[in-house]
Ligand SMILES: [Zn+2]
């Protein structure tokens, strides 16, 4: 089975709501439920249900899951070469921002928020510890970030961009590694209708992609919390560690492993033969 989760980053009080409505319409058309990583604060303004009625309605209809996308999506170290809202802050500061952001989203949507997506995909071991202490189920960042040792939290990094999802599924079929998991990330700027220059796909392409996904008998669509719950945090930790190991290998070894998926349920013997961590 190929487990796929789609994560849509950056909806907020001030994001492009017309585009989000069009995306939600396409999701409804094809019966797809995705995880929207929503920003709790736009500047000084805390998100309320009135700011995002389209998201509230879609959530109530079971068409999306809400994840917490940081606090205000502003870098706490603007002078640094890599922006980060959380990484580098101390435990108390990270705790305050994470709890404050989650409270805003829980009030706006009237549900518990199970997952956290750090802005700029930047987090550190303190972020992971705080999320674990606060009872979050998963953390989902970018592919370049490392695994969380011994946390109770499932790490579900991005394994591809939405534009690579078809390729990721085809590749998963060609690799005999047991069950695989794909986390595909989407942003407004991926869509030409956002007005972003060089956007690679149109809403029509997204619609065809979701329709195609639904027609694949070996693909199971998940929200990120459904995906997190398929295995325990330790299994996800090992899957992420395995992918990191693969990335460091010679291309001949890399070529036998999937590039766009995690291997939570990798066939033990196959992995051992290649010398990967089990
Ligand atoms: Zn973002």
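By its C-alpha gyration tensor, with a ≥ b ≥ c as the square roots of the eigenvalues, how is segment 151-239 shaped: rounded for a/c under 1.5, else prolate for a/b larger than b/c, else oblate?
The shape class here is prolate.
With a ≥ b ≥ c taken as the square roots of the eigenvalues of the C-alpha gyration tensor of the chain, please select rounded if a/c is under 1.5 and otherwise prolate if a/b is larger than b/c or oblate if it is not?
Oblate shape, in that a/c is at least 1.5 and b/c is the bigger or equal ratio.
Please tell me the relative contact order of the chain in percent, rounded to the nearest whole number, where contacts are Cα pairs under 8 Å and at least six residues apart.
Normalised by residue count, the contact order of the chain is 23 percent.
For the chain, set up a Gaussian network in which alpha carbons nearer than 10 Å are linked by springs, and say which option among 115, 142, 43 fluctuates the most.
Maximum fluctuation in the GNM of the chain, among the listed residues, is at 43.
At 10 °C and a viscosity of 1.306 mPa s, what translational diffusion coefficient does Stokes-Einstein give for segment 1-129, taking Rh as the Kirkwood radius over Cα pairs? Give it in µm²/s as a whole number.
Rounded, D is 104 µm²/s.
Mind telling me which of 11, 217, 157 comes out most flexible in a GNM of the chain, alpha-carbon contacts under 10 Å?
Residue with maximal mean-square fluctuation among 11, 217, 157: 217.
What does DSSP give for the chain in terms of the percent of beta bridges that are antiparallel, rounded to the nearest 5?
15 percent
Would you calculate, for the chain, the mean residue ellipticity at 222 nm contributed by helices, counting each DSSP H stretch of 4 or more residues as -39,500 (n - 2.57) and dividing by all residues, to the nearest 500?
After summing the helix terms and dividing by residue count, I get -11500 deg cm²/dmol.
Where is the GNM fluctuation largest for the chain (alpha-carbon springs, 10 angstrom cutoff): 98, 66, 253?
Comparing 98, 66, 253 in the GNM, the peak value goes to 253.
Where a number appears in this text, it was derived from the coordinates with a stated rule and is not lab data. Computed from a prediction, not measured in an experiment: that's the story for all the values here.
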